[in-house]
Amino acid sequence: MGNEFGMLLQVRNILRIKSLVLIGLLSVALLAAVLASPSVIPSQAQQPATGTPTTASPTAPSAQAGVASPFGAQTQQAGLSIVVLDPAHGGTDPGARGTGGIRESEIVLDFAIQVRRALELQGFQVVQTRQGNENPSFDDRSATANAQRGAVFVTLHISSTGLPGTARVYVNSDLPPVADSNGLIPWDRAQAPFLGLSKTFGDLVQGFLSQRFKGSPEAAQTASVRQLRTTAAPAIAVEISSVTVENRADLDRMAPGVADAIARGVAAFKPSYVVANTPGALR
Amino acid sequence: MTPTWKFWLIGGLVVAVLAAAIYFPILRRRVKRAARLQQQSEEQARRELAQPIAINPGDPRVKTKLFWASDTIDSTLVPVTVELPLSSDPVLRSKQVLNTLLAGPVDAELRTLPPDALLLAFYLLPDGTAIADFSEALATSVPSGIVSEQLAVNSIARTLEANVPQVQRLKILIHGQEVETLAGHLDLTGAFVVNTKAAQAPVKPASTP
């Protein structure tokens, strides 16, 4: 009986040793796999359309003055590399409609293709909030932007009114300050910490647009644009005038200029934007 | 169950399904029509209740600034000064100036608000927040776009600012409801600052008359 019990203990020990060896081998294999994989895995689930990520070092020069971050001084510098493009409306919401059957939702999608191309040529990665005739909610569009690190947000619109052939950039109006001591940014005021950066970004893009399209303002304007309020990134709305043109080709002709101005504006803004290592969470 | 009974049962079911298929669209149309009639009657009742406040000729005539679109500078507002007999009561006065603004300028091209929009109700809270309730036409007939929606709201806000100093903030409702945007762009979930200096001052507790 005692002998049988001893044998049983031996068998158990052998099994334990085998298990330990197996676990050890698995751990080594797992470690090797982790070390062999790329250090950063882009969140592809949030990126239905990805371009070529920038290869240039995104880090801002260390001696750069006036570098802004909405998260304060404790930042590890990383740079702007992603542009979230939002062709407004879509699905059952056509947006502004012209007498000639022009629909804002369709035109902004075509504009987005050209803007995306121009941005990718500059080395930016582009994420679109919609690819086809869908209509994500305002919050869904903001969520796409808020899931990215080091991103700026550009929402594209065509107006019903205004001088045809002009383009205006809007940044969100002042929002009540974020007074949350635990570092959380309220979702419904996510834009609040970024208003200054958005204004800088908007002025740059508007400057390039005014060079291209005479009659456009020279600086970005403020408006309570719903889409911008919940976006936790430097965010602008670009509105082209207008669906009242007699021929859609008049608007189509503006697309390359708009795309170029936005791409130049993003590139010019890049050195001003430092992304925090530990961003405020949204609640 | 005999084959004859089966035949009659299946036949009856087929007839019932066909009848339902024919009757269902008719029923749907009737329900929709009834709902529309009810909505129209509600709107009519509100319109009757919200008849424009008659201007009392006994009130002192004051220079009133109304903000309409500029005919020279694109997408901007300009004040137009008219003399109107206005009440000294801020709520009545607000209704009078907003109804005049809604009536529109002589040149219809310079309108900022749709001609069929109505002011249904207007309240002024003790902290200076005004609540202006407009009919659905304000949202459905204003041209969609950031610039046009902003012109519409700014014309209301600036007209109130110029003529009713008690109004510090403005909250816009559509048909009694808070809406997310005016026509797809401009955010209506918050209140617009009307009188910047007054709105930044600490809110005084409501005084009792």
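Things to note:
- Residue list for the stretch B:116-145, restricted to those being hydroxyl-bearing (Ser, Thr, Tyr) and part of a helix (DSSP H, G or I): B:140, B:141
- Cβ pairs under 6 Å, 6+ apart, first in the stretch A:209-234 and of a type in the set (Lys, Arg), second part of a helix (DSSP H, G or I): A:212/A:257; A:212/A:261; A:226/A:138
- The numbered conditions (1) within 13 Å of chain B (Cβ to nearest Cβ); (2) surrounded by fewer than 20 Cβ atoms within 10 Å (Cβ to Cβ) are all true for residue A:160 except (2).
- Residues of the stretch A:91-116 satisfying the condition of being away from every other protein chain (no Cβ under 14 Å) and either touching a strand residue (DSSP E or B) at 6+ places or on another chain (Cβ under 6 Å) or crowded, with 19+ Cβ neighbours inside 10 Å (or both): A:109, A:111, A:112, A:114, A:115, A:116
- Filter result for residue B:89 (under 13 Å from the mean Cα position of the chain (by Cα), farther than 23 Å from residue B:189 by Cβ and of a type in the set (Asp, Glu)): no
- Condition check for residue B:37: loosely packed, with under 12 Cβ neighbours inside 10 Å, within 28 Å of residue B:165 (Cβ to Cβ) and at pLDDT below 95: no
- Residue within the stretch B:104-118 that is closer than 15 Å to residue B:162 by Cα, assigned by TED's automatic domain parsing to the domain that holds residue B:140 and buried (at least 19 other Cβ atoms within 10 Å of the Cβ) present: no
- Selection within the stretch A:202-248: residues that are closer than 19 Å to residue A:258 by Cα, within 13 Å of another protein chain (Cβ to nearest Cβ) and among the β-branched types (Val, Ile, Thr). The member of this set that is surrounded by the fewest Cβ atoms within 10 Å (Cβ to Cβ) is A:244.
- Lone qualifier among B:62, B:97, B:147 - being away from every other protein chain (no Cβ under 14 Å) and surrounded by 17 or more Cβ atoms within 10 Å (Cβ to Cβ): B:97
- The combined condition, being at pLDDT below 95 and not acidic (Asp, Glu), is not fulfilled by residue A:234.
- A single entry from B:164, B:194 fulfils the requirement of being at pLDDT 95 or above, assigned by TED's automatic domain parsing to the domain that holds residue B:89 and among the β-branched types (Val, Ile, Thr): B:164.
- For the stretch A:165-179, residues that are farther than 19 Å from residue A:196 by Cα, surrounded by fewer than 24 Cβ atoms within 10 Å (Cβ to Cβ) and more than 10 Å from chain B (Cβ to nearest Cβ) total 1.
- Hits in the stretch A:197-226 (condition: more than 16 Å from residue A:240 (Cα to Cα) and in contact with a Pro (Cβ under 8 Å, 6 or more places away or on another chain)): A:197, A:198, A:200, A:201
- Qualifying residue in the stretch A:82-90 (condition: in contact (Cβ under 8 Å) with a residue 24 or more places away in the chain, within 14 Å of chain B (Cβ to nearest Cβ) and among the small types (Gly, Ala, Ser)): yes
- Restricting B:6, B:95 to those that are farther than 30 Å from residue A:168 by Cβ, at pLDDT 85 or above and assigned by TED's automatic domain parsing to the domain that holds residue B:134 reduces the list to B:95.
- Scanning the stretch A:186-196 for residues that are away from chain B (no Cβ under 14 Å) and crowded, with 23+ Cβ neighbours inside 10 Å turns up just one, A:194.
- Among residues of the stretch B:171-182 that are within 11 Å of chain A (Cβ to nearest Cβ) and without any contact (Cβ under 8 Å) to a residue 12 or more places away in the chain, those with a Cβ under 7 angstrom from a residue that is surrounded by fewer than 17 Cβ atoms within 10 Å (Cβ to Cβ) and not hydrophobic (A, V, I, L, M, F, W, C), sequence gap 6+ or separate chain, pair up as B:180/B:189.
- Qualifying residue in the stretch B:105-115 (condition: assigned to a helix (DSSP H, G or I), within 18 Å of the chain's Cα centre (by Cα) and under 19 Å from residue A:241 (Cβ atoms)): no
- Selection within the stretch A:117-136 - surrounded by fewer than 21 Cβ atoms within 10 Å (Cβ to Cβ) and over 30 Å from residue A:247 (Cα atoms): A:122, A:123
The values are calculated or read from the model by the stated rules, or taken from the named source; none is laboratory data. No experiment lies behind these values; they were computed from the predicted model shown. Cβ sites come from the backbone with ideal geometry, for glycine too, and all protein chains shown count toward neighbours.
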